[in-house]
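S.K.: Got a structure for you, questions after.
Just so it is clear, none of the values below were taken in a lab; they were calculated from the coordinates. This one's a predicted model, so the numbers in the text were calculated from it and none came from an experiment. Don't worry about glycine lacking a Cβ; one is built from the backbone with ideal geometry, like all the others, and counts go over all protein chains shown.
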Amino acid sequence: MRLAPDYEQAAVTLRGEVTFAEVDAFVEVELATKFKVDGYPIIMFFRWGKAEEFGGGRTNASIVDWLTQNTDVVLQDFVTDTELKKLISNSVGPSFVARGGSSLKANFKQIAGEHRAIGSFYFQGHEGADMVQVYQNFDSVARLEVSPDTDSQMILSFLRERAFPLFGEVREDNFNMYQTWPREGMLWACFNPKTYRKDAKEHAAIFHQVAHAFPQLHVVYIDTYEYDEYLVDEIGCDFFPTIVLVVGNISDESVEPGRYKKRMSQSQLNAGIVGQWVQDVLSGLVEDADDLEAADHMM
């Protein structure tokens, strides 16, 4: 395959972040000899003037991905939506996009540097109205129009609010996001390990309603087969279906969060019953599951 088109596209994507260069080794023989170049084409990576091993591939996406992970690249430039779609398709987690001028880019780059572990950050320079977008995928987009006076905190608040799906699956690759940007609690839906994804899809509308009613909570589900030990020990799911509300900041290890759980029947899985139970918990009308278990052990 030809390397040049992908290499040139990667240079466009990382413009202003990483310097790309080309060398004709047949002309620069002394330079090729110095770095022991014995095959063509080859990609070499230099940091502060010293050659390091390049461990990426030869496609645009793999070049950009490796450089992003192994340098201080936090914000990738793009030119067209077709290009953005390719970038998003190779991203894990939400994609945060800013479109506008240099002032917005400076603010967005600062946010990206502080929160790069949360998702992927992209920028498109243009002369139209400044805007910030959050993509869950290319068909699900939240948009915020901004002005030159919009501060970073307002942009960050928008990103935090829209980074999470209403009812999302917690996975190893996104759990850090839930810890880094916690809400007042997490409502876990625990489904049958053999059918958890099918069940989550079937009951998604119910939990979407609950999420809308309680925006202060993350509403999630999980692979109950792969993470069974975590669910039993940390969440308290030992029966399916069960809903568990963990109240408090899960990233603050100095404070033990409250844990409330309710075993459900299929007929009880409706927005009215789930929503009322959540409201009762938040109103202090439901006893903490840990207190109940402690009482059981004392009997």
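S.K.: With Cβ to Cβ distances under 13 Å as the rule, what net charge do the other residues near residue 195 carry (K, R +1; D, E -1)?
M.R.: +1
S.K.: Any chance you could check the Cα centroid distance between segment 240-270 and segment 89-128 for me, in angstrom?
M.R.: Computed from Cα coordinates, the inter-centre distance equals 34 Å.
S.K.: Would you calculate the separation in nanometres between label points at residue 89 and residue 2, each defined as 7 Å from the Cα along the Cα-to-beta-carbon direction?
M.R.: Each label point is offset 7 Å from its Cα along the Cβ direction, giving 2.0 nm.
S.K.: Straight-line reach from residue 86: which aspartates and glutamates have a Cα under 18 Å away, not including same-chain ones fewer than 8 places off?
M.R.: Reachable aspartates and glutamates: 6, 8, 65, 77, 139.
S.K.: Please list, ordered by chain and number, the residues whose modelled amide H lies under 5 Å from the amide H of residue 76; skip anything fewer than 5 residues away on the same chain.
M.R.: Under 5 Å from the amide H of residue 76: 121, 122, 123.
S.K.: Considering every pair of different Cα atoms, what Kirkwood radius, in Å, is found for segment 85-174?
M.R.: So the Kirkwood estimate lands at 13.3 Å.
S.K.: Quick one: net charge around residue 181, please, counting Lys, Arg +1 and Asp, Glu -1 for every other residue with C-beta under 14 Å from its C-beta.
M.R.: 0
S.K.: Add -39500 (n - 2.57) for each DSSP H run of 4 or more in the chain, then divide by its residues: what number comes out at 222 nm, to the nearest 500 deg cm²/dmol?
M.R.: When only DSSP H runs of four or more count, the value is -10000 deg cm²/dmol.
S.K.: Separate question: Can you spot the aspartates and glutamates whose alpha carbon is less than 17 Å from residue 194's alpha carbon? Ignore those fewer than 8 places along the same chain.
M.R.: Partners within reach: 169, 202, 223, 226, 228, 229, 238.
S.K.: Given an 8 Å cut-off on Cα distances and at least 6 residues of separation, report the relative contact order of segment 1-73 as a percent.
M.R.: In percent, rounded to a whole number, it is 39.
S.K.: Which of the three applies to segment 168-298, rounded, prolate or oblate, going by the alpha-carbon gyration tensor with a ≥ b ≥ c and a/c under 1.5 meaning rounded?
M.R.: In terms of gyration-tensor shape, rounded.
S.K.: I've got another one for you. Pull up all non-local amide H partners of residue 45: gap of 5 or more, or a different chain, and H-to-H distance under 5 Å with H placed in the peptide plane.
M.R.: Counting only residues 5 or more places away or on other chains, the set is 52, 54.
S.K.: Hey, can you grab everything whose amide H is under 5 Å from the amide H of residue 221? Only 5+ residues off in sequence or another chain; H modelled, so Pro and N-termini drop out.
M.R.: Sorted by chain and number, the residues that satisfy this are 168, 169, 170, 189.
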